[in-house]
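*Asks:* Here it is, the structure in full.
The values are calculated or read from the model by the stated rules, or taken from the named source; none is laboratory data. It should be emphasised that the depicted structure is a prediction, and the values quoted were computed from it without experimental measurement. Glycine gets a Cβ as well: all are built from the backbone with ideal geometry, and neighbour counts include every protein chain shown.
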Amino acid sequence: MFGKVKKWLGIEGVKVELLLPEMAFEEVGAVSGQMLFHSKNRQLVTGVRLKMIEKYSRGRGNEKLVDEYQLGQIALKQKIEVPADEPIAVEFTLPFQIHKSSVDEFGDKNFLTNGLVSLAKKVQAVNSEYRIEAEADVEGTVLNPFAKKIIKLRKK
């Protein structure tokens, strides 16, 4: 009985880990990596959803604003058998597209406008943080295993 409840809740079930390069390149438009699945019991993963998200923050203190933008998403519908105590690696390529603000597009015009935009961003404490998230659907569980990892993005 207790074993069924643990399986249903995903306790001692499938765990997912993201293995990513430290940096992705904007001009490539995709990031490749691996998902590593491991479990104490034999389980079946029926699908995985991967997302790349930008956390865009600006301002300081009480005036700080934070928005999140989804830059790319894929859904893998393949079935993955995860044997007990044996990790399984699955490779993926996640395409993404950076959304530039009108200020960034203005800064890309030439080196003078780029300098002005960079200075304005420093004054306003503008920062972007990028992360990859993976959520796996496991047969017979209610709570899906989830992983996220921060990645740096090298811009042009």
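*Asks:* Answer yes or no: is there a residue in the range 77-85 that is surrounded by 15 or more Cβ atoms within 10 Å (Cβ to Cβ) and within 30 Å of Met35 (Cβ to Cβ).
*Replies:* yes
*Asks:* Determine, yes or no, whether Lys100 is under 30 Å from Gly61 (Cβ atoms), part of a strand (DSSP E or B) and not hydrophobic (A, V, I, L, M, F, W, C).
*Replies:* no
*Asks:* Okay, next question. Looking only at the range 90-99, how many residues end up being of a type outside the set (Phe, Trp, Tyr) and either surrounded by 13 or more Cβ atoms within 10 Å (Cβ to Cβ) or in contact with a helix residue (DSSP H, G or I) (Cβ under 9 Å, 6 or more places away or on another chain) (or both)?
*Replies:* Residues flagged as of a type outside the set (Phe, Trp, Tyr) and either surrounded by 13 or more Cβ atoms within 10 Å (Cβ to Cβ) or in contact with a helix residue (DSSP H, G or I) (Cβ under 9 Å, 6 or more places away or on another chain) (or both) within the range 90-99 amount to 4.
Residue by residue, here is whether (1) within 16 Å of Arg49 (Cα to Cα); (2) in contact (Cβ under 8 Å) with a residue 60 or more places away in the chain; (3) of a type in the set (A, V, I, L, M, F, W, C); (4) outside any helix (DSSP H, G or I) holds:
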{"site": "Val90", "(1), (2), (3), (4)": "yes, no, yes, yes"}
{"site": "Gly115", "(1), (2), (3), (4)": "no, no, no, no"}
{"site": "Ser128", "(1), (2), (3), (4)": "no, yes, no, yes"}
{"site": "Ala134", "(1), (2), (3), (4)": "yes, yes, yes, yes"}
{"site": "Ala147", "(1), (2), (3), (4)": "yes, yes, yes, yes"}
{"site": "Ile151", "(1), (2), (3), (4)": "no, yes, yes, yes"}
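*Asks:* Which of (1) out of contact with any Leu (no Cβ under 9 Å at 6 or more places or on another chain); (2) in a strand (DSSP E or B) does Glu105 not meet, given it meets every other one?
*Replies:* Exception for Glu105: condition (2).
*Asks:* Testing Tyr69 on (1) modelled with pLDDT under 95; (2) closer than 17 Å to Asp137 by Cα, one condition comes back false. Which one is that?
*Replies:* (2)
*Asks:* Sticking with this structure for a sec: Out of the residues in the range 86-131 meeting the condition of being of a type in the set (A, V, I, L, M, F, W, C) and under 19 Å from the mean Cα position of the chain (by Cα), tell me which one is farthest from Leu36 (Cα to Cα).
*Replies:* Among them, the one singled out is Ile98.
*Asks:* Same structure, new question: Looking only at residues in the range 34-72 that are in contact with a strand residue (DSSP E or B) (Cβ under 9 Å, 6 or more places away or on another chain) and free of Cβ contacts under 8 Å to residues at least 24 places away in the same chain, which one is nearest to Pro83 (Cα to Cα)?
*Replies:* Ranking the qualifying residues of the range 34-72, first place goes to Gln70.
*Asks:* Go through the range 58-88 residue by residue and tally those that are in a loop (DSSP other than H, G, I, E, B) and on the phi < 0 side of the Ramachandran plot.
*Replies:* Number satisfying all stated conditions: 8.
*Asks:* Please go through the range 99-146 and give me each residue that is charged (D, E, K, R) and within 30 Å of Leu19 (Cα to Cα), ordered by number.
*Replies:* Lys100, Glu129, Arg131, Glu133, Glu135, Asp137, Glu139
*Asks:* Can I ask one more? When the residues of the range 12-52 are filtered to those that are part of a loop (DSSP other than H, G, I, E, B) and surrounded by 13 or more Cβ atoms within 10 Å (Cβ to Cβ), which remaining residue is modelled with the lowest pLDDT?
*Replies:* It comes out as Glu12.
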